[in-house]
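Below is one structure, written out as structure tokens; the observations come after it.
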Amino acid sequence: MKKFAVVAAMAAALLGSTSASYAVELEVTHWWTSAGEAAAIAEFAKLFEEQTGNTWVDSALAGSGTGANPVIISRIIGGDPMGATQMNTGRDAEELIQAGLIRDLTPIVEEMGGLDFYVDKSLLEPCTYEGKIYCLPINIHSWDWLWLSTAAYEKVGVPVPKDWNEYVASWPKLEEAGILPFGLATGWPISGVPGVLMSGIGGSDLVLQVNRDKSGEAVRGPEFRKVAEAMDSLRKVISPEMMVPSFGDVGTQLLKGEAAGNIHGDWLQGDLQIAGGVPGENYECLPALGLGDQLTGGGDSFYFPVLPEGTDPAVIQAQTDLAKILVSPEGQLKFNLVKGSMPIRTDIDLSAANPCMQKALGLLKNGLLPSGDFALSSDTQQQLQDLNVEFLDDDNITVDDYVERYASIIESAD
């Protein structure tokens, strides 16, 4: 059932008015289903309804990008588009854009006076096709975080580590105390770990060579081998029976001191906050593993599918209104302070940002590195995800095997 129904058209007709404005429903799809994510998207929904009088119809899809993307794409291709949809800032929607199925937002951008308020213009590259804008990035997310449990280290009488190396050195003592050195959720969360290790351990040049230049030679080199060896060390303290269902559950483990650490994106911060965690008291956050001075940058963007011929113009106007709200100073502040991500604009008062976000903002001046989501196609990302899960589960896959298979995927990436 289409969800672009006019709520008050009959009332307008009864009043005999030809110019009366009326409320419409706008369906919005996204994959923000954890406690912190749901609280963040609710901020956008509230602003949209308050400022337009329209109704936000929330269609949350489980499974993050890997589970939700196919549903979103199939609906758009199949002629049943939603009013707006969240997807990663990256290449996931490029074929939809090329097929003319995504609304050109250039006129809206012109109404807003351009997009100079974006703190990093590189975020707009995947939204730009033939000189036109087809999506609006609404945050800057980064995978590059090591989250550490204050309670776990208090239990073993060891100071909370200041970087990845100190963290690895603490694993034996944690295991002796029956504490998981590394908490991990099943499925997709492993996909971001190699990229974080590549940035923090391998360095910025390696990230550029692999993600941007698609260099198999770089993957086979000594710096990436350190990354593969770190993955090998991790899998020795992780087993499938230790995994929990979702990344939010890992956050709970950290707050309780059941797990000592986790590599995960800054959206984990939203769940930690909802659960009552306070950075510096209940957990510590180390950007770039406490080793690097740059973050890989990606995040989320909103796309507005082209709606079927004959769609009520009020629904198309609702798309326009939502687009403006998403990147407005008020929308950016309310959403990102809850989400845990960096806003795409810094011409707003960020004094309320917690210490983790303040650390991230401090690194923005060094520029963002291209994440896998940003630089690699969906197919390539899925191949790497499959490899990482297989490597984690199968000790018979050697480091050499992992490096060669990773290199092969990168060399064939489009």
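For the reader, a short list of remarks on this structure follows.
- Candidate lysines for bridging to LYS365, where Cα separation is under 19 Å - those fewer than 8 sequence places away on the same chain excluded: LYS121
- Per principal axis, descending, Cα span of the chain in whole Å: 78, 45, 39
- Unit Cα scatterers, Debye sum, the range 338-403: log10 I(q)/I(0) for q = 0.13, 0.19 Å⁻¹: -0.63, -0.84
- Considering only the Cα atoms of the range 18-91, their convex hull presents on average a projected area of 6.2 nm².
- Among the protein heavy atoms of the chain, carbon and sulfur supply 51% of the accessible surface, probe 1.4 Å, non-protein parts ignored.
- Remark on ASP300: its backbone amide H falls under 5 Å from those of THR89, ILE138, ASN139, HIS141, a criterion applied only to residues 5 or more positions apart or on other chains, H modelled at 1.01 Å from N.
- Accessible area of SER191 in the full protein assembly, 1.4 Å probe (Å², nearest 10): 50
- Projected label distance in nm at GLU111 and GLU390, using a 7 Å step from Cα toward the beta-carbon: 4.9
- Per residue accessible area in Å² of the chain, where ligands, DNA and RNA are left out and the probe is 1.4 Å: 40
- Over all other residues within a Cβ to Cβ distance under 11 Å of MET342, the charged ones net out to +1, with Lys and Arg as +1 and Asp and Glu as -1.
- From phi via Karplus (6.51, -1.76, 1.60), per-residue ³J(HN,Hα) for the range 114-124 in Hz, x at Gly/Pro: x, 10, 5, 6, 5, 6, 9, 5, 5, 4, 7
- Local electrostatic count at ILE133 - Lys and Arg +1, Asp and Glu -1, tallied over other residues with Cβ under 15 Å: -3
- Whole-Hz couplings from phi, Karplus 6.51/-1.76/1.60, listed for the range 76-88; x for Gly and Pro: 5, 5, x, x, 10, x, 7, x, 7, 8, 8, 8, 5
- Placing pseudo-labels 7 Å out from each Cα toward the beta carbon at ALA275 and ALA60 gives an inter-label distance of 1.7 nm.
- Radius of gyration and Dmax over the Cα atoms of the range 85-141, both given in Å: 10.9, 29
- C-alpha long axis of helix 355-364 to longest principal axis of the chain, angle in °: 80
- Counting charges near PRO181 (Lys, Arg +1; Asp, Glu -1) among other residues having Cβ under 10 Å from its Cβ returns a value of +1.
- Estimated distance in nm for a label pair at LYS236 and ASP400, the labels positioned 7 Å out from Cα along Cα-to-Cβ: 1.9
- Principal axis dimensions, largest first and in whole angstrom, of the range 299-411 by Cα: 57, 46, 23
- Helix 329-339 axis, angle to the chain major axis (alpha carbon atoms, nearest 10°): 40
The values are calculated or read from the model by the stated rules, or taken from the named source; none is laboratory data. Just so it is clear, the model here is predicted, and its values are computed rather than measured. No Cβ is skipped: glycine too gets one built from the backbone with ideal geometry, and neighbour counts run over all protein chains shown. Remember, those area values only see protein heavy atoms, side chains included, never the ligands or the DNA or RNA. Shrake-Rupley method; radii C 1.70, N 1.55, O 1.52, S 1.80 Å.
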